[in-house]
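S.K.: One structure coming up, written as structure tokens, with questions to follow.
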Amino acid sequence: MGKAGDFDFEDNHALFAAGAGALDRDRSGLYREFHPKVAYLLDKNGWTLEQVFANPPDEEELDARLRAQRPHMYQFAPAVD
């Protein structure tokens, strides 16, 4: 999956958790639902593409983990000098 342009993980995560049709491949005909999933693995959990391809997570398990996350869990504490 290519990642280009602006992508707001928080907004897409909220849509995913709400079951929005825009992120449902069967209802929208688009593959947008995979963007928050891949961003979650790569950007939020620090996986590499090699890890994703070598050991892809079960999609139902990934969906459950993504839905269980709260937006505030992605906020990092400011650096302490």
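What follows draws every value from the coordinates through simple rules; no lab data is involved. Note that this is a predicted model, so its numbers are computed, not measured. Note that each Cβ is placed from the backbone with ideal geometry, even for glycine, and that neighbours are counted across all protein chains shown.
S.K.: Please list the non-local residues whose amide H lies under 5 Å from the amide H of Leu30, H modeled 1.01 Å from N, same-chain partners needing a gap of 5 or more.
M.R.: Residues meeting the amide H criterion: none.
S.K.: Here is a further query. Taking the Cα centre of segment 1-64 as the origin, how large is its charge dipole in debye, to the nearest 20, when only Lys and Arg (+1) and Asp and Glu (-1) carry charge on their Cβ atoms?
M.R.: 180 debye
S.K.: Once phi is turned into θ = phi - 60°, what whole-Hz ³J(HN,Hα) does the Karplus curve with 6.51, -1.76 and 1.60 give for every residue of segment 52-59, x standing for Gly and Pro?
M.R.: Residue by residue, segment 52-59 yields 4, 6, 6, 9, x, x, 4, 5 Hz.
S.K.: Still on this structure, please answer the following. Which of rounded, prolate or oblate describes segment 7-65 when judged by the alpha-carbon gyration tensor and an a/c cut-off of 1.5?
M.R.: Here segment 7-65 falls in the prolate category.
S.K.: Provide the packing ranking of 31-38, 18-25, i.e. peptides ordered by the mean count of other C-beta atoms within 10 Å per residue, highest first. Let's see the in-between values first.
M.R.: On the way: 31-38: 17.0, 18-25: 13.2.
Packing order, densest peptide first, comes out as 31-38, 18-25.
S.K.: Quick one: Karplus J couplings for segment 36-45, per residue in order, coefficients 6.51, -1.76, 1.60, θ = phi - 60°, nearest Hz, x for Gly and Pro?
M.R.: Values per residue, Gly and Pro as x: x, 5, 5, 4, 4, 5, 6, 7, 8, 10 Hz.
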